[in-house]
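Okay, structure first, notes after.
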Amino acid sequence: MLIDSHAHLDSPRYSEDREALLHRAWQAGVRTVLSIGIGEGPDTMHQALEISRQYKGKPEIPKILASAGIHPHEASLADETAYSKLDQLLSEPEVIACGEIGLDYYYDNSPRDMQKTAFRRQMEIAAARRQPIIIHCRPSENSTNAWDETLDLLEESWKPTGLGGILHCFTGEWDHARRALDAGFLISFAGNITFPKAQPIRDAAALVPLDSILVETDAPFLAPVPNRGKRNEPAFVREVAAKLAEVRQITPELASSRTTENFHRFFGTAPQPETRSN
Ligand SMILES: [Zn+2]
Ligand SMILES: [Zn+2]
């Protein structure tokens, strides 16, 4: 049993075969997928919720939960309409987190001051709705700038809420993970943990306490080895869990069950019954 804690199921790259790939995920042992609701920008951040509802109760399809948020890439599009849409989405029962939000100084698709404003504002909206947050953080090349600023903001504005969250697709150093753990976060590892040059990610994955780790695909991006470079999909979270197991010197079954338990404990969600429901 596995959980993909971060997938963009609303990607247009899945428009032809979404149901088939969800069934493949089920066959790979994936029972829950958190579908990230950033859309192609604020106008479409409701799509993840729609997918959650579309597949609700379907046999041999994982349970789909949703988030909603404005990605730092689209921070320049964050206006009052977008914020009120986000607030409304966070009140829906299938929406269990605000995200992915944060800072991306690698692409700088939105000016950094706007990224920080959108990040802060979304933390306020999520706090008022008592929802945890999912963090996207990517620094400039050969820098830790976005990590340093993200963690400062989390410690100052988020830690006091006690709501915690997830650092998704973790690529930072152990000290960044340690600060996030202290602020009540889980650390989620993605397909890049399997990349040959990603030893620093594996080093961090060896140190994070086993009860604070999640696995994800970030599909359709970042497919793990041996599918690297191809379109990613939730079934491939199995490769992420297998690499985590290797790094931790535990069985793949234990890596799967512990990360699944961590997700359910954090979100207060129930595991899927193994019996087929129609
Ligand atoms: Zn991200
Ligand atoms: Zn993502």
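Structure notes:
- Computed log₁₀ I(q)/I(0) - Debye formula, equal Cα scatterers, no solvent, the chain, q 0.10 Å⁻¹: -0.45
- Across the range 252-258, computed HN-Hα scalar couplings (Karplus, 6.51 cos²θ - 1.76 cosθ + 1.60, θ = phi - 60°) run x, 5, 5, 4, 5, 5, 5 Hz from first to last residue, x flagging Gly and Pro.
- Computed on the range 27-149, the Cα convex hull volume stands at 114 Å³ per residue.
- Spacing of the modelled spin labels on residue 211 and residue 19, each 7 Å from Cα toward Cβ, amounts to 4.2 nm.
- Amide H contacts under 5 Å for residue 30, placed H, 5+ residues apart: 2
- Distance from the range 111-125 to the range 1-71 (C-alpha centre basis), Å: 26 Å
- Proportion of all alpha-carbon pairs of the range 105-198 beyond 20 Å (%): 36 percent
- Length released on extending from residue 117 to residue 43, taking residue separation times 0.36 nm less the Cα-Cα span: 24.8 nm
- With a cut-off of 10 Å between beta carbons, the residues surrounding residue 233 carry a summed charge of +3, where Lys and Arg count +1 and Asp and Glu -1.
- Close amide-amide hydrogen proximity is noted between residue 134 and 98, 99, 101, 166, each under 5 Å apart and 5 or more residues distant or on a separate chain (H modeled in the peptide plane; Pro and chain starts excluded).
- Three-way shape call for the range 95-156 based on the alpha-carbon gyration tensor, with the a/c threshold at 1.5: prolate
- Extension gain, residue 130 to residue 1, is 43.6 nm, computed as 0.36 nm per intervening residue step minus the present C-alpha separation.
- Backbone HN-Hα couplings from phi across the range 66-76 [Karplus 6.51/-1.76/1.60, Hz, Gly and Pro as x]: 10, 10, 8, x, 10, 5, x, 4, 9, 4, 5
- Cα centroid separation - the range 231-267 against the range 168-204, whole Å: 14 Å
- Table column - 3J(HN,Hα) (Hz), the range 162-169, Karplus curve with 6.51, -1.76, 1.60, x for Gly and Pro: x, 8, x, x, 10, 8, 8, 6
- Placing one equal scatterer on every Cα of the range 138-278 and applying the Debye formula, the log10 ratio I(q)/I(0) at q = 0.08, 0.21 Å⁻¹ is -0.22, -1.36.
- Per-residue ellipticity at 222 nm, computed for the chain from helices alone with -39500 (n - 2.57) per DSSP H run of at least four residues, works out to -11000 deg cm²/dmol.
Since every read-out is calculated from the coordinates, none of them should be taken as a lab result. Bear in mind the structure is a predicted one, so any value in this text is a computation, not a measurement. Using ideal geometry, Cβ is built from the backbone for each residue, glycine included, and neighbour counts are taken over all protein chains shown.
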